[in-house]
Amino acid sequence: MGADDDPLHSDARVLAAWRENAAPWTQTVRAQAIASRRLVTDRAILDAALRLAPRDALDLGCGEGWLTRALRARGIAADGVDAIDELIEAARRADPEAPPRRYARLRYEDIAAGALDARYDLIVCNFSLLGGAAVDAVLAALPAHLGDGGHVLIQTLHPPTACGDAAYRDGWRDGSWAGCDGAFGEPAPWYFRTIGGWLALLRGSGLALRELREPLHPQTGKPASLILCAVAAK
């Protein structure tokens, strides 16, 4: 069974759920209402990006744009793209001086088909690689959008921690809004990848791992996320 052959889970269902929940998600992120993000992962991805000292960056799957704005506030020429119109509009409203091109609506399939005409020192994917075949396709396209010496930075749920009681193997999982307050609707499904699955995906996409980090939650002492830093393979 392929990544999008599950009749109950697919990339199309991921997008539909995020369209439905764009408004409460924007409110939740801006209120810093998710403890793991507030305590660990927001700072972890920003620090990881700043350590690479990029001149410019693409926030791939930027959502309502918090990370794009944070990078720009630190002197990095960052752009954001997302597949959800409502999230891109929220990003533009929060950054009213930005030119329209700074926040663009692009699906991962569009980028894989050549719709992105730019190269960056850094492409950052912060909890935005949720799908199956669409993620496979967009990652394979990223080496062509890296400038010389450029990096891809991915933050995702920590696989052993996020696996719970389910079998530790790649595959679709039901989503949840646990930890989020607000009027959320149907949660988005997501494609679970083991650590080995992520590493295989990088290799198959023409990317070579340079660093792996596991930011720890200050209260539980357990990994709150997995951060992968990669470059174009030689």
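The values are calculated or read from the model by the stated rules, or taken from the named source; none is laboratory data. Predicted, not measured: the structure shown is a model, and the values here were computed from it. Here the Cβ is made from the backbone with ideal geometry for all residues, glycine too, and neighbour counts use every protein chain on show. Protein only, heavy atoms only, side chains kept; ligands, DNA and RNA dropped before computing areas. Shrake-Rupley method; radii C 1.70, N 1.55, O 1.52, S 1.80 Å.
If each Cα of the chain is one equal point scatterer, what is log10 of I(q)/I(0) from the Debye formula at q = 0.12, 0.14 Å⁻¹?
Listed by q, the Debye log ratios stand at -0.63, -0.89.
Report the one residue of LEU216, GLN32, ILE88 whose Cα lies farthest in the direction of the positive end of the charge dipole of the chain (charges on C-beta: Lys and Arg +1, Asp and Glu -1; origin at the Cα centre).
Result: LEU216.
Given the protein chains as shown and a 1.4 Å probe, how many square angstrom of TRP18 are accessible, to the nearest 10?
Here the accessible area works out near 40 Å².
Under the rule of at least 5 residues apart or a separate chain, name every residue whose amide H is placed under 5 Å from the amide H of VAL152.
For VAL152, the qualifying residues are ILE123, ALA230, VAL231.
Before rounding to the nearest 500, sum -39500 (n - 2.57) across all DSSP H runs of length at least 4 in the chain and divide by the residue total; then give [θ] at 222 nm in deg cm²/dmol.
Working: 9 runs with 76 residues, N = 234.
Result for the chain, helices only: -9000 deg cm²/dmol.
Can you give the Rg/Rh ratio of the stretch 178-234, where Rg is from the C-alpha atoms and Rh is the Kirkwood radius? Don't skip to the end; give the middle numbers.
On the way: Rg = 15.4 Å, Rh = 14.0 Å.
Radius of gyration relative to Kirkwood radius: 1.10.
Assuming 0.890 mPa s and 25 °C, estimate D for the stretch 100-234 with Stokes-Einstein, Rh taken as the Kirkwood radius over Cα pairs, in µm²/s.
Rounded, D is 152 µm²/s.
Please state the shape class of the stretch 3-46: rounded when a/c is under 1.5, otherwise prolate if a/b exceeds b/c and oblate if not, all from the C-alpha gyration tensor.
Oblate, because a/c is 1.5 or more while a/b does not exceed b/c.
Kindly work out what percent of the DSSP beta bridges joining two residues of the chain are antiparallel, to the nearest 5.
45
What does the charge count near ALA35 come to, summing +1 for each Lys or Arg and -1 for each Asp or Glu among other residues with Cβ under 14 Å from its Cβ?
Around ALA35, the surrounding residues sum to +2.
Over the alpha-carbon set of the stretch 1-99, divide Rg by the Kirkwood Rh and report the Rg/Rh ratio to two decimals.
1.02
Suppose every K and R has +1 on its Cβ and every D and E has -1 on its Cβ; what is the size of the dipole of the stretch 127-219 about the Cα centre, in Debye to the nearest 20?
260
What number comes out for the charge environment of TRP18, summing +1 per Lys or Arg and -1 per Asp or Glu over other residues with Cβ under 13 Å away? List each step's numbers first, then the result.
Working: positive: ARG13, ARG19, ARG105, ARG107; negative: ASP11, GLU20, GLU64, ASP82, ASP85, GLU86, GLU186.
Here the count lands on -3.
Between Rg and the Kirkwood Rh of the stretch 44-142, both from Cα atoms, what is the Rg to Rh ratio? Don't skip to the end; give the middle numbers.
Values: Rg = 12.6 Å, Rh = 13.5 Å.
Ratio of gyration radius to Kirkwood radius for the stretch 44-142: 0.94.
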